[in-house]
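The values are calculated or read from the model by the stated rules, or taken from the named source; none is laboratory data. Model, not experiment: these values are computed from the prediction. Don't worry about glycine lacking a Cβ; one is built from the backbone with ideal geometry, like all the others, and counts go over all protein chains shown. Heavy atoms of the whole protein, side chains included, go into the accessibility calculation; ligands, DNA and RNA do not. Shrake-Rupley method; radii C 1.70, N 1.55, O 1.52, S 1.80 Å.
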Amino acid sequence: VTFNVTFNVTLQHRTELRAGEEPRCVSWQTVGTKGRWTPSSCTRVGGDTLHSICACTHFSTFAILMAIHPFTESFALTVVTYVGMSVSLVCLFLAIITFLLCRSLWSVSVALHLQLSICLFT
């Protein structure tokens, strides 16, 4: 429901604002079977390091998103991500091959582990 007037919603932060953080007032918007946080119809009009005052024109589920600008991803984090994913995929592949080749150990538990490994691999 959207109104012609605005009303203020005061939200408390979980942690105190630090330098460079920009809080944004957002509300939950459902689109079909999915939902997302959207800043439409809700703006931050005041507050301090522990609270934000949002002026909104509709009732919904409200939240404060903290954004640290500019966001830069470090090279080390990228390397760790790619190496970790590669090692995980190799290990899952070896587990799948092991489950398929060791028919003497075949049981319901092994079948479930095989299916789980296949799901995680894809």
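One residue stands out in region 22-39 among those that are exposed (fewer than 12 other Cβ atoms within 10 Å of the Cβ) and not charged (D, E, K, R): the one that is nearest to residue 65 (Cα to Cα), namely 35. Test residue 58 against the criterion of being closer than 18 Å to residue 21 by Cβ, over 22 Å from the mean Cα position of the chain (by Cα) and not acidic (Asp, Glu), and give yes or no. In short, no.
Taken over region 43-64, residues that are more than 12 Å from residue 10 (Cα to Cα), open to solvent by less than 70 Å² (accessible area, probe 1.4 Å) and in contact with a strand residue (DSSP E or B) (Cβ under 8 Å, 6 or more places away or on another chain) amount to 3. Filtered by the rule that a residue be outside any helix (DSSP H, G or I) and surrounded by 10 or more Cβ atoms within 10 Å (Cβ to Cβ), region 72-122 gives 102, 106.
Residues that are of a type in the set (A, V, I, L, M), open to solvent by 90 Å² or more (accessible area, probe 1.4 Å) and not in a strand (DSSP E or B) within region 1-21 comprise 1, 19, listed in sequence order.
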